[in-house]
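Chemist: Before I ask anything, let me first share the structure, which is written out below as structure tokens.
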Amino acid sequence: MSVLCAGHGDARVPLLQGLWECVRAGQEKILLSPYLPAVYGFVIHVLLCAPFLALDALGSVCQRVRSWRITAGSGPPPSLRRWVGCFWRVLYRYVTTVLPATALFHTVRSPVVPELAPSCWQFFVEVFACLLLFDTLFFFWHVCMHRFLWLYRSTHQLHHQHHVTFALAAQDSTAAELLSLLLLAVGSAWVLGCHPLSEAFFHLINSWLAVEAHCGYELPLALHRLLPGLGGAPCHQAHHTRLSVNYAPYFTHWDLLFGTFHAPVKGPRPE
């Protein structure tokens, strides 16, 4: 079953088919490349962080931008040197660990490139199901990394060097943690049998939510302001401050259920 959109006269084509054919055209070898997941993950992460780098640079000279930061009283935004250092650390871990490991997983997975795009309904259900499944897996894995001291020290403590978060720090973790999270994301799409187009969009949304959660800004158009049930940057900053609250990456239902939700203190609403 596919969702169709009306064209001129009797011409009716699948809504996403044109997009999928553009992606497939001459790019099938790239889509089947075992290096695609890691390269796509790193490039998308860096590109999504770029607007927040611009905000941090602007914040060094603009008091109003600094006032949007969740921790406005804790000092200036992170310096360019801190951004560059974080960039090289993440790149090194991708090249030395994430790239070969996900390439192996991708090869074992034996992906295929279907001719047909998903219907709009299938696309929506698959992306939303991936978000729910990843959110669940991440929540319990994140709790384990905090509750078992040896696991925290060996895997997760490095990420918490950032008491005041910034966008690029979303993936500033040990190689083991970075790899585990990427495999959870790729594995979620694999378990659910997602279409490659749905999977690519899920990874895009996943990266954006991680970047936004770590950005350190309370912006008026942030997704947690627009969609109920999302924690967003204020909730995740509370996690980095208190450590024992707000474990879920996106939604708040698991933290509410297990009593680990901590509502962030509401500051002035950004104008």
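Chemist: With each label point set 7 Å from Cα along the Cα-Cβ vector, what nm distance links residue 161 and residue 19?
Modeler: Label-label distance for residue 161 and residue 19, simple model: 3.8 nm.
Chemist: If you find the alpha carbon centre of the stretch 82-112 and of the stretch 133-179, how far apart are they in angstrom?
Modeler: 16
Chemist: Can you tell me the 0 to 90 degree angle between the C-alpha axis of helix 196-214 and the longest principal axis of the chain, rounded to 10?
Modeler: 10
Chemist: Just need the relative contact order of the chain here, percent rounded to a whole number, with Cα pairs under 8 Å and 6+ apart. All intermediate terms of the calculation are to be shown ahead of the outcome.
Modeler: Values: 330 pairs, mean separation 59.5, N = 271.
So the answer I get is 22 percent.
Chemist: Also: When the dipole is taken about the Cα centre of the stretch 4-258, and only Lys, Arg (+1) and Asp, Glu (-1) are charged at their Cβ, what size is it in debye, to the nearest 20? Working shown, then result.
Modeler: Numbers: 15 positive and 13 negative charges, 166 e Å.
Using only the charged Cβ atoms, the result is roughly 800 debye.
Chemist: Here's another thing I want to ask about it. Where does the chain land at 222 nm, in deg cm²/dmol rounded to the nearest 500, when only DSSP H runs of n ≥ 4 count, each adding -39500 (n - 2.57), divided by all residues? Don't skip to the answer; put the middle values down first.
Modeler: Numbers: 12 runs with 152 residues, N = 271.
The per-residue figure over the chain is -17500 deg cm²/dmol.
Chemist: Further, regarding this structure: Let's test the formula: R0 of 22 Å, r as the Cβ-Cβ distance of residue 258 and residue 152. What FRET efficiency results, to the nearest 0.05?
Modeler: Details: r = 18 Å, r/R0 = 0.81.
Calculated transfer efficiency: 0.75.
Chemist: Shifting gears a bit: At q = 0.09 Å⁻¹, what log₁₀ I(q)/I(0) does a Debye calculation on the Cα points of the stretch 57-186 give, no solvent, two decimals?
Modeler: Here the Debye-derived log intensity ratios amount to -0.40.
Chemist: Measure nothing fancy, just the Cα-based angle from helix 175-191's long axis to the longest principal axis of the chain, in degrees from 0 to 90, nearest 10.
Modeler: It is inclined by approximately 30 degrees.
Chemist: So what's the Cα pair-distance distribution over the chain, bin width 5 Å, in %?
Modeler: 1, 5, 11, 16, 17, 16, 13, 9, 6, 3, 1, 0, 0, 0
Chemist: I would also like to ask the following. What number, in percent, do you get for the relative contact order of the stretch 136-261 if the mean sequence gap of Cα pairs under 8 Å and at least 6 apart is divided by its residue count? Could the numbers behind the result be given before it?
Modeler: Values: 138 pairs, mean separation 33.5, N = 126.
Dividing the mean separation by the residue count of the stretch 136-261 yields 27 percent.
Chemist: What Kirkwood hydrodynamic radius do you get for the stretch 172-271 when you take the inverse of the mean 1/r over all pairs of distinct Cα atoms, in Å?
Modeler: For the stretch 172-271, inverting the mean 1/r across all distinct Cα pairs yields 14.8 Å.
Chemist: Would you mind calculating the gained length between residue 33 and residue 50 on full extension (0.36 nm times residue separation, minus the Cα-Cα distance), in nm to one decimal? Each step should come with its number before you reach the end.
Modeler: On the way: separation 17, 0.36 × 17 = 6.12 nm, distance 2.63 nm.
Fully extending the segment from residue 33 to residue 50 adds 3.5 nm.
Coordinate-derived values only; no laboratory data. The structure displayed is predicted, hence computed values, not measured ones. A quick note on method: Cβ atoms are made from the backbone with ideal geometry, for glycine too, and the neighbour counts reach across all protein chains shown.
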